[in-house]
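Following: one structure in structure tokens, then a few remarks.
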Amino acid sequence: MSAIQVEPHSLRDYAVLADGERAAVIGPKGDIVWLCFPRWDSDAVFSALIGGAGGYAITPVDRFVWGGYYEGGGLIWRSRWLTEDNAVIECREALVLPAEDERAVVLRRVIARTDRARVEVVLNPRGAFGTDPLRSLRRDDEGYWHGRIGEDYLCWAGAPEAKAEGDGSRGKALRLALDLDEGEHHDFVLVLATNADGTAPPDPDVAWSSTEQAWRERVPELANTIAPRDARHAYAVLSGLTSSAGGMVAAATMSLPERAREGRNFDYRYAWVRDQCYAGRAAAAAGPHAVLDDAVRFVGSVLREYGPRLRPVYTVSGGAVPDERELDLPGYPGADKVLVGNRAKDQFQLDAFGEALLLFAAAAEHDRLDTEAWRAVETAVQAIEKRWREPEAGIWEIDPDDWTHGRLICAAGLRAIGGCAPGGETAAAWLALAEKIVADTAAQGVHPSGRWQRSPTDPRPDVSLLLPAIRGAVAVDDPRSLATLRAVERELTEDGYVYRYRPDDRPLGEAEGAFLLCGFILSLAYDRLGDEVAAARWFERTRASCGPPGLLAEEFDVAQRQLRGNLPQAFVHALLLECAAASASSPSGSGSGFGTSISSGG
């Protein structure tokens with residue numbers, strides 16, 4: 001790694017650290033290429049991932065083969081390198097927990113497992129997406145380096161012998177050559193803070209201990225799921241993406257292209273109501289865990305505040321998402337522009353109200369709804385009553401239409417919460433509204449072949465149309481549900497992967513990648529029908545799309561076997577977790593069929 005530029009890697013090779021308030025992305029050369037501070041949607045101080053001039057690398061000096069893994073049940077990552085001299089070097093990495101809003105601590109421990117470890121360390125922070133250099137650099141009497149990045153403060157411990165490179169105009173970087181004998185380890189502690197008083201570095205051993213303990217407390221055992229290792233990892237990802245305010249970002253990154261030169265490069269560092277409902281429901285399927293409570297808290301809060309005017313996406317604290325603006329950066333290869341903000345903030349997406357009711361119903365089954373949450377339930381029902389006939393942008397955030405999926409998901413939510421509602425008259429009214437919506441939608445949303453179609457004016461099949469049966473708007477064995485399932489598998493799948501819908505006449509895979517969310521939806525659809533073999537096939541194929549760190553993005557390029565889009569995509573991990581929990585609860589989930597095949601691989 002030079003002090004200025006880092007070569008990008010395939011998305012499948014990146015690991016992610018997260019503490020709920022921000023995330024760091026690490027490549028196979030030990031290069032941290034992404035970190036926003038102080039919060040998710042702040043400017044990046046390490047932005048090499050999208051072409052900015054900023055990063056933090058610990059890299060073996062000798063030629064090496066890379067590996068790595070997450071320690072069980074959390075987002076503590078171990079980079080592992082085998083050098084040409086057969087030395088084994090590890091670097092243990094984490095963002096310190098418990099997290100603080102105005103302070104981030106990056107722990108990195110270099111370990112010489114066998115033989116001598118020789119690594120080069122480069123710290124090159126650059127604020128404002130690479131345009132604001134490190135300044136006021138000094139080393140104190142304890143050997144700690146201090147500096148300023150924009151309005152923020154930095155302290156780096158563990159490198160008293162580092163050398164400063166560069167000048168004031170281009171910004172300075174710190175470089176260190178580190179040699180360790182076999183069995184030795186060395187700690188680096190990087191502190192970023194919004195005020196000078198917050199820069200004191202913690203004792204590494206104490207910080208590691210608190211972080212290990214926090215992850216043990218955050219991530220449940222999930223022993224009642226299939227593929228428990230992947231299920232726990234998915235839960236850890238969701239927990240790591242969830243802030244103390246309750247909001248969960250859709251992904252840790254921004255502007256990673258879904259398709260080269262297609263203009264689909266979005267900022268996902270915000271909380272989508274739908275995505276958070278998916279995460280909460282998945283946690284509920286596995287048990288009444290904290291991710292469920294966070295989802296209820298956040299979704300309930302924005303519903304009570306905004307009511308029928310609910311937006312699809314907010315900051316993690318419930319604030320407004322900024323307008324899109326373009327940065328003068330080259331971007332990750334394939335991106336035609338780098339965007340901050342997200343235009344979906346101005347859309348109306350009807351299904352968010354239905355998903356909220358499904359979330360609240362799942363929480364009610366675990367007795368996790370308080371009076372405030374029931375107020376949010378009533379608000380969501382009133383919003384559906386008022387707006388269910390309006391054109392809306394739908395689950396895929398496209399042109400407004402009377403999307404079948406959005407209406408039926410509202411019906412599913414009404415049915416689910418109606419089964420939990422106190423008072424017979426209230427429940428009856430909600431169920432009656434659900435019946436009305438289903439009947440009206442069926443009158444104009446059923447294809448001549450008998451399946452559901454996307455809208456009255458769009459006859460195409462769509463994987464999202466499997467969700468109404470999965471969620472209970474209609475029966476899973478309803479002829480329209482079965483016809484939709486057959487059409488999806490016939491027209492929208494290829495080589496074991498699933499696409500959302502056909503955007504145009506091009507073959508599958510040319511217009512866009514396979515949607516990993518959709519693979520898990522198809523698995524759930526078959527699981528609900530009791531077809532364990534088919535459910536297992538789609539689950540296994542989809543979860544195998546990850547790289548060595550086990551993270552999943554939004555899309556998958558089937559031909560090139562590469563992840564596409566922002567990373568890690570929360571709703572994909574949520575559906576992985578739900579599939580793992582749902583299949584384990586099937587009649588043979590612990591002894592045959594789906595349960596046997598997945599347990600042996602998990």
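The values are calculated or read from the model by the stated rules, or taken from the named source; none is laboratory data. What you are looking at is a predicted structure, and each value in this text was computed from that prediction instead of being measured. Backbone-built Cβ (ideal geometry, glycine too); neighbour counts: all protein chains shown. Heads up: the accessible areas ignore ligands, DNA and RNA and are worked out on the full protein's heavy atoms, side chains in. Shrake-Rupley method; radii C 1.70, N 1.55, O 1.52, S 1.80 Å.
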Q: Let me see the pair-distance distribution of region 367-412: every alpha carbon pair, 5 Å bin width, integer percents in order.
A: 5, 19, 23, 20, 15, 10, 6, 1
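May I ask you to give the average projected area over all directions of the convex hull of the Cα atoms of region 46-98, in nm² rounded to one decimal? Don't jump to the answer; show the numbers that get you there.
Details: hull surface 20.2 nm².
Answer in nm², one decimal: 5.1.
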Q.
Only four residue types carry charge here, +1 at the Cβ of Lys and Arg and -1 at the Cβ of Asp and Glu. Report the dipole size of region 298-390 about the Cα centre in Debye, rounded to the nearest 20.
A. 220
Q: Specify the inter-centroid distance of region 434-503 and region 336-355, based on alpha-carbon positions, in whole Å.
A: 23
Q. Taking a point 7 angstrom from the Cα of Glu7 along the C-beta vector, which residues in region 14-49 have backbone N less than 15 Å away?
A. 27-31
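Return a whole-number percent for the relative contact order of region 123-233, with Cα pairs under 8 Å and 6 or more residues apart as the contact set. Before the final figure, lay out each step's value.
On the way: 158 pairs, mean separation 21.4, N = 111.
Value for region 123-233: 19 percent.
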Q.
Quick check: pseudo-label points 7 Å beyond the Cα along Cα→Cβ at Glu71 and Arg375, how many nm apart are they?
A. 4.2
Q) So what is the diffusion coefficient of region 490-556 in µm² per second by Stokes-Einstein at 25 °C and 0.890 mPa s, using a Kirkwood Rh over Cα pairs? A) 199
Q | Over 22 Å [Cα-Cα, region 286-366], rounded percent | A | 41
Q: Relative to the compact-globule scaling 2.2 N^0.38 Å, provide the ratio for the alpha-carbon radius of gyration of region 415-532.
A: 1.18
(Q) Sequence gap of 8 or more, or different chains, plus Cα separation below 27 Å: how many lysine pairs satisfy both in the chain? (A) 7
(Q) Can you give the FRET efficiency to the nearest 0.05 for Glu165 and Asp140, using r as the Cβ-Cβ distance and R₀ = 22 Å? (A) 0.65
Q) Considering only protein heavy atoms, what is the solvent-accessible area of Thr131 at a probe of 1.4 Å, reported in Å² to the nearest 10? A) 100
Q | Inter-centroid distance (Cα atoms) of region 89-123 relative to region 192-266, Å | A | 16
Q. If Lys and Arg each add +1 and Asp and Glu each add -1, what is the summed charge of the other residues whose beta carbon sits under 13 Å from the beta carbon of Gly319?
A. +2
Q: Apply the Debye scattering formula to region 354-474, with a single equal point scatterer on each alpha-carbon and no solvent, then give log10 I(q)/I(0) at q = 0.17, 0.20 Å⁻¹.
A: -0.80, -1.05
Q.
I need to check one value: relative contact order of region 510-559, counting alpha carbon pairs closer than 8 Å and at least 6 residues apart, in percent.
A. 50
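For Glu212 and Gln444 in the same chain, what is the full-extension length gain: residue separation times 0.36 nm, less their Cα-Cα distance, in nm? Walk me through the numbers before you get to the answer.
Details: separation 232, 0.36 × 232 = 83.52 nm, distance 5.44 nm.
That pair, Glu212 and Gln444, stretches by 78.1 nm at full extension.
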Q) If you take the Cα Rg of region 163-306 and divide it by 2.2 N^0.38 Å, with N the number of residues, what do you get? A) 1.41
(Q) Taking the square root of 5 times each eigenvalue of the Cα gyration tensor, what semi-axes in Å does the equivalent ellipsoid of the chain have, largest first? (A) 43, 25, 23
Q | Charge dipole (region 444-524, unit charges on Cβ, about Cα centre) - positive-most of Ala487, Leu517, Trp452 | A | Trp452
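For the chain, what is the accessible area per residue in Å², given a 1.4 Å probe and the full set of protein chains?
Working: 21650 Å² over 602 residues.
Counting only protein heavy atoms, the per-residue value for the chain is 36 Å².
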Q. Once the Cβ-Cβ distance between Asp85 and Arg343 is put in as r, and R0 is 56 Å, what FRET efficiency do you end up with, to the nearest 0.05?
A. 0.60
Q) Which whole-number percent gives the relative contact order of region 426-471, counting Cα pairs below 8 Å spaced six or more residues apart? A) 19
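Given 0.36 nm per residue, what is the gain on full extension from Asp181 to Ala511 after removing their alpha carbon distance, in nm? List each step's numbers first, then the result.
Details: separation 330, 0.36 × 330 = 118.80 nm, distance 5.26 nm.
Between Asp181 and Ala511, full extension yields 113.5 nm more.
Using the Cα centre as the reference, give the magnitude of the dipole from point charges on the C-beta atoms of the chain (Lys, Arg: +1; Asp, Glu: -1; all else neutral), rounded to the nearest 20 debye. Working shown, then result.
Numbers: 65 positive and 89 negative charges, 157 e Å.
The calculated dipole for the chain is roughly 760 debye.
So if R0 is 56 Å, what FRET efficiency would Asp478 and Arg63 give, r being the distance between their Cβ atoms, rounded to the nearest 0.05?
With a Förster radius of 56 Å, E is 0.40.
I need the fraction of alpha carbon pairs in region 283-331 separated by more than 14 Å, rounded to a whole percent. The partial results should precede the final answer.
On the way: 738 of 1176 pairs.
Summing the P(r) of region 283-331 above 14 Å gives 63 percent of all pairs.
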Q. What is the pair-distance distribution P(r) of region 1-116, computed from all Cα-Cα distances in 5 Å bins starting at 0, with each bin given as a whole percent?
A. 2, 12, 22, 22, 21, 13, 6, 2, 0
(Q) Using the crude model of +1 on Lys and Arg Cβ and -1 on Asp and Glu Cβ, and no other charge, please compute the dipole size for region 507-583 relative to its Cα centre, in debye to 20. (A) 160
Q) Hey, any idea what % of the chain's accessible area is carbon plus sulfur with a 1.4 Å probe? A) 46
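Find the Rg to Rh ratio for region 309-355, where Rh is the Kirkwood radius over alpha-carbon pairs and Rg uses the same atoms.
Details: Rg = 13.6 Å, Rh = 12.4 Å.
Value, to two decimals: 1.09.
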**Q.** GluC sites (Glu not before Pro) restricted to region 106-183 and DSSP loop, no more than 16 other C-beta within 10 Å
**A.** Glu142, Glu151, Glu161, Glu182
Q) Taking a label point 7 Å from the Cα of Tyr306 along the Cα→Cβ vector, which residues of region 267-294 have an amide N closer than 15 Å to it? A) 269-277
**Q.** Debye log10 I(q)/I(0) at q = 0.14, 0.21 Å⁻¹ for region 254-413, Cα point scatterers
**A.** -0.72, -1.27
Q. So between His366 and Lys386, what do we pick up on full extension, going 0.36 nm a residue minus the alpha carbon distance?
A. 4.3 nm
Q | Where labels lie 7 Å past Cα in the beta-carbon direction, separation of Ala432 and Asp328 in nm | A | 6.3
Q: Would you please calculate the Kirkwood hydrodynamic radius of region 52-198 over all C-alpha pairs and express it in Å, rounded to one decimal?
A: 16.2
